[in-house]
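Please read the structure below before turning to the comments.
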Amino acid sequence: MSPEVWSNFIVSLKIMGQGMEGIFAVILLITLVVMALGKLK
Amino acid sequence: MEFLLNGIMAVTGKELVMYLVGAGLIWLAVKKGYEPALLLPMGFGAILVNLPFSGVLNQTMEGIGVAPGIIQWLFETTIAASEALPILLFIGIGAMIDFGPLLSQPVMFLFGAAAQFGIFFAISLATLLGFDLKDAASIGIIGAADGPTSILVSQILHSNFVGAIAVAAYSYMALVPIIQPFAIRLVTTRSERRIPMKYNPRNVTKRTKILFPIIVTFIVGLIAPASVALVGFLMFGNLVRECGVLDSLLKTAQDELANLITLLLGLTISFSMRAEAFVRADTLLILLIGLAAFVFDTIGGVLFAKALNLVLPRLGRPKINPMIGAAGISAFPMSSRVVQKMAAAEERGNIILMHAVGANVAGQIASVIAGGLVISLVSQYLR
């Protein structure tokens, strides 16, 4: 495996971590807001 | 008479392969009914752009100069220059989606997030197979299970493989009924697939339905601004649907606008299916990585549901049928139908359709958010 491939792979793992974290953060926020909307009278 | 034979004599082996690819896509559309609205125009377009000296591409003619080609013009103006076609299509998609089943059980949003795992798995796999970061990210987005998002992201990232990515995205969306049952069975037991789920939806007010697209646009726009073109247009279409005062615009968005763009998008994207760009070993690799993306989307969603099942009983809550997690991809409504069909096959009378629909529409939002996040993250690492 060339150093460039290895370096891209490491970056892709970081993107995986940050990407999944980001999606869950945004989705969780939307979920909480929708739940709060449901409680509004 | 010799000039009449110029075209025939100029056909190359790669172009012959593309005629077969075009015919194959048309066959899948007509005979199998797989995503015909996209695969048929793409298949026909693949033939059009690969005819020697094709008039649908810009051609330099002796004594005349450059004669513009319509498909090249369409691609350069509506996709390369502005990404207008895939973005505008989201107005139509938003106008068609009823978020009611999701809003009535908001917890289903989480499955939409979990089922994007395949995108990131595929990005890593693509880098291991030697693709650079921009191409790997573009290939990974096939896992969004969302054709317009795949086209948009690969175009923004200037990928060299837009054609192969579009073909893979739309083909695998059509193959969800084959791919997902296989992946679900890999990570679930029969008893897990038989878990029943009660459906007790919360009442969703009209005010919630109207506020939802506005709030989502704000949240996503502020946290993941690169997603806002996609999410914003999707949510605008949904606002037109839910506001209740734009009936004629709603009808136009759902029918004429969506149909017109779909018709042109397939033909336009075929510009990236020219033989020299498409017939290469990398295309086969992209198709394989795309398949892995769909499989790992499904596995990611199912494993997330199984993880929740470790906690829910301790909180006094009933378990979730883990197949619901698989429905968190964007391929709507195929994925929810597949999950319901599997549940009913395992346990007669087991109806989990509305839960699956909730997760499925969550996947539509999560996939466009994922698209924006991938663009932001890749650009951050390429600085």
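Quick notes on this one:
- Odd one out for B:S330 among (1) in contact with a helix residue (DSSP H, G or I) (Cβ under 8 Å, 6 or more places away or on another chain); (2) hydroxyl-bearing (S, T, Y); (3) part of a helix (DSSP H, G or I): (3)
- B:L186 satisfies every condition listed in (1) surrounded by 14 or more Cβ atoms within 10 Å (Cβ to Cβ); (2) touching a residue at least 24 places away in the same chain (Cβ under 8 Å) except (1).
- So B:A292, is it of a type in the set (A, V, I, L, M, F, W, C), out of contact with any strand residue (DSSP E or B) (no Cβ under 9 Å at 6 or more places or on another chain), over 30 Å from B:V11 (Cβ atoms) and buried (at least 24 other Cβ atoms within 10 Å of the Cβ): no
- Taken together, the residues in the range B:157-186 that are farther than 20 Å from B:A275 by Cβ, modelled with pLDDT under 90 and touching a helix residue (DSSP H, G or I) at 6+ places or on another chain (Cβ under 6 Å) amount to 4.
- Test: B:V245 is among the aliphatic types (A, V, I, L, M) and either touching a His at 6+ places or on another chain (Cβ under 7 Å) or part of a loop (DSSP other than H, G, I, E, B) (or both): yes
- Odd one out for B:P313, checked against (1) more than 13 Å from B:Q180 (Cβ to Cβ); (2) touching a helix residue (DSSP H, G or I) at 6+ places or on another chain (Cβ under 9 Å); (3) outside any loop (DSSP other than H, G, I, E, B): (2)
- Residue check for B:L157: within 14 Å of chain A (Cβ to nearest Cβ), surrounded by fewer than 24 Cβ atoms within 10 Å (Cβ to Cβ), without any contact (Cβ under 8 Å) to a residue 60 or more places away in the chain and on the phi < 0 side of the Ramachandran plot: no
- Selection within the range B:210-241 - touching a residue at least 40 places away in the same chain (Cβ under 8 Å), in a helix (DSSP H, G or I), within 14 Å of another protein chain (Cβ to nearest Cβ) and surrounded by 15 or more Cβ atoms within 10 Å (Cβ to Cβ): B:F212, B:P213, B:V216, B:V220, B:A226, B:S227, B:V228, B:L230, B:V231, B:L234, B:M235, B:N238
- Members of the range B:94-112 found to be closer than 14 Å to B:K209 by Cα, in contact (Cβ under 8 Å) with a residue 12 or more places away in the chain and facing chain A (nearest Cβ under 7 Å), listed by number: B:L103
Conditions (1) of a type in the set (K, R); (2) more than 17 Å from the chain's Cα centre (by Cα); (3) within 27 Å of B:M323 (Cα to Cα), marked per residue:
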position: B:L102; (1), (2), (3): no, yes, yes
position: B:A114; (1), (2), (3): no, no, yes
position: B:G118; (1), (2), (3): no, no, yes
position: B:L128; (1), (2), (3): no, yes, no
position: B:F131; (1), (2), (3): no, yes, no
position: B:I142; (1), (2), (3): no, no, yes
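- In the set B:S367, B:S379, only one residue is under 23 Å from B:I223 (Cα atoms), within 12 Å of another protein chain (Cβ to nearest Cβ), outside any loop (DSSP other than H, G, I, E, B) and out of contact with any helix residue (DSSP H, G or I) (no Cβ under 7 Å at 6 or more places or on another chain); that residue is B:S379.
- Among the residues of the range A:25-37, those identified as surrounded by fewer than 19 Cβ atoms within 10 Å (Cβ to Cβ) and touching a Leu at 6+ places or on another chain (Cβ under 8 Å) are A:L28, A:L37.
- Of all residues making up the range B:113-125, the number that are in a helix (DSSP H, G or I) and facing chain A (nearest Cβ under 9 Å): 9
- Screening B:A164, B:A137, B:A144, B:A115 for residues that are farther than 20 Å from A:I23 by Cβ, crowded, with 24+ Cβ neighbours inside 10 Å and touching a residue at least 12 places away in the same chain (Cβ under 8 Å) leaves exactly one candidate, B:A164.
- Pairs, first in contact (Cβ under 8 Å) with a residue 24 or more places away in the chain in the range B:191-209, second aromatic (F, W, Y), C-beta under 8 Å, six or more apart: B:K209/B:F99
- Scanning the range A:1-18 for residues that are at pLDDT 95 or above and either outside any helix (DSSP H, G or I) or basic (K, R) (or both) yields one hit, A:K14.
- Picking from residues in the range B:132-159 that are of a type in the set (D, E, K, R) and not in a loop (DSSP other than H, G, I, E, B), the one that is farthest from B:A293 (Cα to Cα) is B:K134.
- Checklist (1) part of a loop (DSSP other than H, G, I, E, B); (2) buried (at least 24 other Cβ atoms within 10 Å of the Cβ) applied to B:G300, failing item: (1)
- Any hit, the range A:19-31, residues being in a helix (DSSP H, G or I), hydrophobic (A, V, I, L, M, F, W, C), under 13 Å from B:Y381 (Cα atoms) and facing chain B (nearest Cβ under 7 Å): no
The values are calculated or read from the model by the stated rules, or taken from the named source; none is laboratory data. Nothing here was measured: the structure is a model prediction, and the numbers come from that model. Cβ coordinates were reconstructed from backbone atoms using ideal geometry, including for glycine residues, and neighbour counts include every protein chain displayed.
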